[in-house]
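Encoded as structure tokens, the structure appears first; notes follow it.
Nothing in this text is a laboratory measurement; each read-out follows from the coordinates by a stated rule. Source: prediction; values computed, not measured. Note that each Cβ is placed from the backbone with ideal geometry, even for glycine, and that neighbours are counted across all protein chains shown.
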2 protein chains.
Amino acid sequence: MRSAIFGGPQDITVGERPDPAIEEPTDAIVRVSLACVCGSDLWYYRGLSPHDLGAIGHEFIGIVDEVGAEVRDLRPGDFVVTPFTYSDGTCVLCRAGWPSNCINGGGFGNRGMDGGQGEAVRVPFADATLVRVPGSNHSDEILRSVLALSDVACTGHHAAVSGAVGPGMTVAVVGDGAVGLSAVLAAKRLGAERIIALSRNPARQAVAREFGATDIVAERGDAAIEAVREMTDGLGVESALECVGTSESMNTAFAIARSGSVVGAVGAPHDVEVPIDVVIFRNVGLRGGVAPARKYIPELLPDVLDGRINPGRVLDFETDLDHIVEGYKAMDERRAIKALVRVAPAR
Amino acid sequence: MRSAIFGGPQDITVGERPDPAIEEPTDAIVRVSLACVCGSDLWYYRGLSPHDLGAIGHEFIGIVDEVGAEVRDLRPGDFVVTPFTYSDGTCVLCRAGWPSNCINGGGFGNRGMDGGQGEAVRVPFADATLVRVPGSNHSDEILRSVLALSDVACTGHHAAVSGAVGPGMTVAVVGDGAVGLSAVLAAKRLGAERIIALSRNPARQAVAREFGATDIVAERGDAAIEAVREMTDGLGVESALECVGTSESMNTAFAIARSGSVVGAVGAPHDVEVPIDVVIFRNVGLRGGVAPARKYIPELLPDVLDGRINPGRVLDFETDLDHIVEGYKAMDERRAIKALVRVAPAR
């Protein structure tokens, strides 16, 4: 099959990889329809995070092609969305609501697993991992938003849930990448009344506003902190969402978080120092991490299918599998928020 | 009046300080009956944290001596327990349940405020700060436990609340000081089924067991982590409580915390690094800080007065005001868990 192949930093090509086959009776093979490029793929592309050579990509939707003998809830032809991690659904951590920390789980597109940026993927624990998408003849807009549920929309949602966002609250989102914008959307969906997006990029500001941001802070660093404090009577916001993963963004999030609140953090961390004095002396908590997408997808999918939320709006660049490197480049050069990759016709 | 006086590291004397007087109509003057020495006082005594010269001490109970014109709920003669921070009770942070972060609040025994380790204290916002202790002729044991509510018992409770301890859970407590032991007691009170105390001091192990610890881990560092993991099927505990405030203790807490759980941290931090990779990749949260004692005291006081909990049990050394330095020394040399200071007869 055709697949994107990670050959090292700055080296994404498309070539042949072995067709996936059922290995365990709980596996399914999914033919990929749409995939996308994740901000975390960029870390690999830039050589800032290690990644195995070979398959890459963990965000995809597609059609079930084959199922193992013990798969009960899915059959060939089912249209499915795949969370970016697979999980057995039965371990103590899955049962506690943490499928992305499944004891027997893992991610796609690395460490020997097929990547979403290819024509087909072997999915372990298919019944527990995959979510069937009801209905048919969905519009392209809906499909793009279903695709967003594979990671970015759930990751933004996890930021908001971790930051305990609730009705009527004032929230700030640090980071205007696809995850930060998704966090704006999630905060709005969870009832936040005032949503301050930190962004100085006009195109991203526009998406933030469309997603529900009521205020934009274009300053950075100390000036951004001062601006948010001024907007909140000097108290800071009731929930600050950290969607970058650097020490600067973490410090900004804590500095603008109201005493007693929780910073919801989902940025993949790169040498991040947590300002412990703020944690302890201002009682500002820190929650978040790798989103339990498998838990969130069933909750968010109806809103996507009914058009109440359109998280796919972050996909502002489009290419096909053969030209996937263009998606990486567009994101690397910040010409695009997030790249959609058309792999095969979606139904 | 007589008062302990902080003269710098290793320099605690007892001398004269001005008698406190009502300055604001919301003030009360409290004559101190019992005080104690806090672990955080030791940081000052050791020269590891800065402290103003002069008054010191923030844990005390006593009798209201005088009230300002606007004090409504208290009168001279009332027996009261004082949380270690004062708070106005009306600001947005107080109303949100964070009196220890009150916008107009502060602590005792530093920055111009009278210390609890003295004969009398001016208490701002008396109605909002002080908690009247009902009943009379309480036993010395009960009084010691009421005194513990001024800080250490509430701080241990805050660790457990922050770590989301609940019925049936497996909890580990890192730190066997007075706060750590109080966290054991709090975890037990909140229904934890299994409580693992990390301690290698036999006297403290005994108090931990009395407070509800079901298991003791005497190892340290990596060996302690391994021991706790072995005791928990390799998964770690459902709540890890950090009651020290060092990088080692924080790392231990995160290492033994189950994925998806929250580390409850109340140790005053000294160059603490939070293991952010555990936060993000294992979804282990971090909550805690300066305990909102004023919120907790009314909840815990009935249990103390009825003898259901005896947090004063951590006070295993006793002295009077004139000999208070002996309490510091006993704690500094780890001969005592925590020192009680008899200042005046309690009723």
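Check which residues have an amide H placed less than 5 Å from B:Gly163's amide H, if you skip close sequence neighbours.
It is B:Gly264, by chain and number.
At q = 0.10 Å⁻¹, what is the log10 ratio I(q)/I(0) for chain B, with the Debye formula run over Cα points and no solvent?
Values returned for q = 0.10 Å⁻¹ are -0.56.
What does the net charge come to around A:His157 if you take all other residues with beta carbon closer than 14 Å to its beta carbon, with K and R at +1 and D and E at -1?
Net of charged neighbours comes to +3.
Going Cα to Cα from A:Lys329, which lysines come in below 29 Å? Please leave out same-chain ones fewer than 8 positions away.
A:Lys338
Give me the dipole magnitude in Debye, nearest 20, for the stretch B:174-258 about the Cα centre, with unit charges on the beta carbon: positive for Lys and Arg, negative for Asp and Glu.
The dipole magnitude comes to about 280 debye.
What's the local net charge at A:Glu333, with K and R +1, D and E -1, over the other residues with C-beta under 14 Å away?
+2
Given the stretch A:161-209, report the % of alpha carbon pairs whose separation exceeds 15 Å.
34 percent
Along the Cα→Cβ direction, 7 angstrom out, place labels at B:Arg132 and B:Arg46. What is the inter-label distance in nm?
4.1 nm
Just from the alpha-carbon atoms, what are the Rg and Dmax of the stretch A:306-347 in angstroms?
According to the Cα coordinates of the stretch A:306-347, Rg and Dmax are 11.6, 34 Å.
So what is the 222 nm mean residue ellipticity for chain A from helices alone, if each DSSP H run of at least 4 adds -39500 (n - 2.57) and you divide by all residues, rounding to the nearest 500 deg cm²/dmol?
Helices in chain A give a 222 nm mean residue ellipticity of -8500 deg cm²/dmol.
When a footprinting reagent is the concern and you count Cβ atoms within 10 Å, what order do A:Tyr86, B:Tyr328 take, fewest first?
Ordered by Cβ neighbours within 10 Å, fewest first: B:Tyr328, A:Tyr86.
Work through the residues other than B:Gln117 whose Cβ is under 12 Å from its Cβ and net out their charges, Lys, Arg +1 and Asp, Glu -1.
-3
Using a label position 7 Å from Cα in the Cα→Cβ direction, what is the ascending list of nm distances from A:Ala69 to the same site in the other copies?
In ascending order, 9.1 nm.
Pop a pseudo-label 7 angstrom from the Cα along the beta-carbon direction at both B:Glu333 and A:Arg111 and give the gap in nm to one decimal.
Label at B:Glu333, label at A:Arg111, 5.2 nm between them.
Determine, for B:Arg95, A:Arg122, A:Arg194, the number of other Cβ atoms within 10 Å of each Cβ, and report the residues in order from fewest to most.
B:Arg95, A:Arg194, A:Arg122
I'd like the Karplus ³J(HN,Hα) series for the stretch B:57-72: coefficients 6.51, -1.76, 1.60, θ = phi - 60°, whole numbers in Hz, and an x wherever there's a Gly or Pro.
Working through the residues one at a time gives x, 9, 10, 6, 10, x, 10, 5, 9, 7, 10, x, 5, 9, 7, 9 Hz.
For the stretch B:156-288, what log10 I(q)/I(0) values come out of the Debye formula at q = 0.13, 0.14 1/Å, with one point per alpha carbon and no solvent?
-0.41, -0.48
If you project the alpha carbons of the stretch B:8-158 onto their three principal axes, what span does each projection cover, largest first, in Å?
Largest to smallest, the principal-axis extents are 41, 38, 35 Å.
Whole-Hz ³J(HN,Hα) for each residue in the stretch A:313-323, computed from phi via Karplus 6.51 cos²θ - 1.76 cosθ + 1.60 with θ = phi - 60°, x for glycine and proline: what do you get?
Once rounded to whole Hz, the list reads 4, 6, 7, 10, 9, 9, 8, 10, 4, 4, 10.
Please give the length that would be gained between A:Arg75 and A:Glu299 if that part of the chain were fully extended, namely 0.36 nm times their separation in residues minus their C-alpha to C-alpha distance (nm, one decimal).
Contour length minus Cα-Cα distance gives 78.4 nm.
Efficiency by 1/(1 + (r/R0)^6): what FRET value for A:Glu230 and A:Ala164, r their Cβ-Cβ distance, R0 = 30 Å, to the nearest 0.05?
That pair, A:Glu230 with A:Ala164, gives E of 0.80.
Using +1 at the C-beta of Lys and Arg and -1 at the C-beta of Asp and Glu, which of A:Pro99, A:Gly236, B:Pro269 has the Cα lying farthest in the positive direction of the dipole of the protein assembly as shown?
Projecting each Cα onto the dipole axis, the largest value belongs to A:Pro99.
Put a point 7 Å out from Cα along the line to Cβ at B:Arg2; what are the distances to that point in the other copies, in nm, shortest first?
9.0
Could you put A:Arg313, A:Arg334, A:Arg258, B:Arg209 in order, starting from the residue whose Cβ has the fewest other Cβ atoms within 10 Å?
Sorted ascending by nearby Cβ count, the order is A:Arg334, B:Arg209, A:Arg313, A:Arg258.
Find the all-direction average of the projected area of the Cα convex hull for the protein assembly as shown, expressing the result in square nanometres with one decimal place.
29.9 nm²
Placing a label point 7 Å from Cα toward Cβ, how far apart in nm is B:Pro202 from its equivalents in the other copies, listed shortest first to one decimal?
Computed spacing set for this position: 7.7 nm.
Tell me, what HN-Hα J-couplings in whole Hz come from the Karplus equation 6.51 cos²θ - 1.76 cosθ + 1.60 at θ = phi - 60° for each residue of the stretch B:125-135, using x for Gly and Pro?
Computed from phi, the couplings for the stretch B:125-135 are 6, 4, 4, 7, 8, 7, 10, 6, 9, x, x Hz.
Which one of B:Ala208, B:Ile256, B:Pro167 is farthest out on the positive end of the charge dipole of the stretch B:156-288, using unit charges on Cβ (Lys, Arg +1; Asp, Glu -1) and the Cα centre as origin?
Checked the options; the winner is B:Pro167.
Given a cut-off of under 8 Å on Cα pairs at least six residues apart, what relative contact order in percent is computed for chain A?
This gives 19 percent for chain A.
Between A:Leu53 and A:Arg308, what's the calculated FRET efficiency when r is the beta-carbon distance and R0 is 51 Å? Round to 0.05.
With R0 = 51 Å, the Cβ-Cβ based efficiency is 0.80.
Considering amide H positions built from the backbone, and no H for Pro or chain starts, which residues 5 or more places from B:Ile195, or on another chain, come under 5 Å of its amide H?
Close amide H contacts, sequence-distant or interchain: B:Val171, B:Thr214, B:Asp215.
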